Structure formats: structure tokens, C-alpha cells
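What follows is a short report on a single structure.
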Amino acid sequence: MLTIQFLFTAGRYHATPWNRQVNEGVVEWPPHPWRILRSLLAVYYTKEKNLNNEKVLTSLIEKMSGLPVYELPPASIGHTRHYMPLYHEGNTSKIFDTFVALSKSDVLKVSWPNVELEKDEETLLRS
């Protein structure tokens, strides 16, 4: 079984669901699996020094492409409102900043129960 743990050290998680407008005040919780996989790809292509591991990366992403199981910490939805200046119009616009509030020490666990990683896949995921 593969389990990834997420710690939100700021006590907040910000994510707008796909096909929603940021000012609707809706937050995506828990993180959608595509968001997790997309972040792994982004980290690989921006941080990985050895880009010769694309076959390992592809194998890892394929294994994680099934639906995971979530263990959610206690959380609540909150928002702040900001009045941002519109310089070209000379007035302001109300902006919603919606988030999930949770304890800074609580952990979100995302598991893929039927996934067993090869050593090179585990090494890449940990790096």
C-alpha cells in the first residue's frame, strides 16, 4: 500500500475546484487525485536533476492513477474578503479568499491500497 501524508503548516489549504471561478467561495477538499499527480509531475520537471527517470516517473503516475482512499483530519471551510483596488477604474472589487482551515499539526493521509512500488519508484517519490 502506498500512503502519502500532507501536513499544512500554515493551517490552511487553498484550492479552487476545476471549472469553478475563484470568487465563488468554493474550495476543493479533499485534494482531487489529479491535483496530487499534477504536483508530482511539476516537482519532477522543476526539481529533478536527473531527467533520465521519465520511465520510472511514468510507471509511478500510472500506478497512482486509480482512486485513492482519504483519511481526513478535522477541518472547516473559511474565507476572507479583500477589497482590491482596480487602478484602471479608480474603485475597488471584492475578492473572496476561500480555504480549508485545519490544525497545523493534523495530517491528511492519501492511500492507494493496491499499489506496491518498485524500489526506483519509491526513491523517486521520496526525492
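The values are calculated or read from the model by the stated rules, or taken from the named source; none is laboratory data. If you're wondering where the values come from, they're calculated on a predicted model, not measured in any experiment. A quick note on method: Cβ atoms are made from the backbone with ideal geometry, for glycine too, and the neighbour counts reach across all protein chains shown. Please note that ligands, DNA and RNA were not included when accessible areas were found on the heavy atoms of the full protein model with its side chains. Shrake-Rupley method; radii C 1.70, N 1.55, O 1.52, S 1.80 Å.
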* Structure fact -> Note: region 1-93 at 4 °C, 1.567 mPa s; Kirkwood Rh on alpha carbon pairs; Stokes-Einstein D in µm²/s works out to 78 µm²/s
* Dipole axis of the chain (+1 Lys, Arg; -1 Asp, Glu on Cβ), positive-most option in Tyr70, Phe96, Ala15 -> Phe96
* **region 39-124: Cα Rg divided by the 2.2 N^0.38 Å rule of thumb** => 1.68
* To do: Using only the Cα atoms of region 25-70, build the gyration tensor, take square roots of its eigenvalues as a ≥ b ≥ c, and label the shape rounded, prolate or oblate: rounded if a/c is under 1.5, else prolate if a/b is larger than b/c, else oblate.
  => oblate
* **Label-point gap, in nm, between Arg126 and Met84 - each point 7 angstrom along Cα→Cβ** => 4.1 nm
* Placing +1 at every Lys and Arg Cβ and -1 at every Asp and Glu Cβ, with all other atoms neutral, what dipole size does region 50-94 have around its Cα centre, in debye to the nearest 20? -> 100 debye
* Measure out, as a whole number of angstrom, how far apart the alpha-carbon centroids of region 1-65 and region 96-120 sit. => 10 Å
* **Within region 26-127, trypsin sites (Lys or Arg not before Pro) in DSSP loop having at most 16 other beta-carbon neighbours inside 10 Å** => Lys49, Lys104
* Structure fact -> Rounded to a whole %, the carbon-and-sulfur portion of the accessible area of the chain at a 1.4 Å probe is 54 percent
* Structure fact -> Taking GluC sites (Glu not before Pro) in a DSSP loop with at most 13 other Cβ atoms within 10 angstrom as exposed, one finds the longest site-free stretch of the chain at 1-88
* How big is the charge dipole of region 1-100 about its Cα centre, in debye rounded to the nearest 20, if each Lys and Arg gets +1 on its Cβ and each Asp and Glu gets -1 on its Cβ? -> 140 debye
* Asked: Can you pull out the chymotrypsin sites (Phe, Trp or Tyr not before Pro) in region 10-100 that DSSP calls coil and that have at most 11 other Cβ atoms within 10 Å?
  -> Trp18, Tyr87
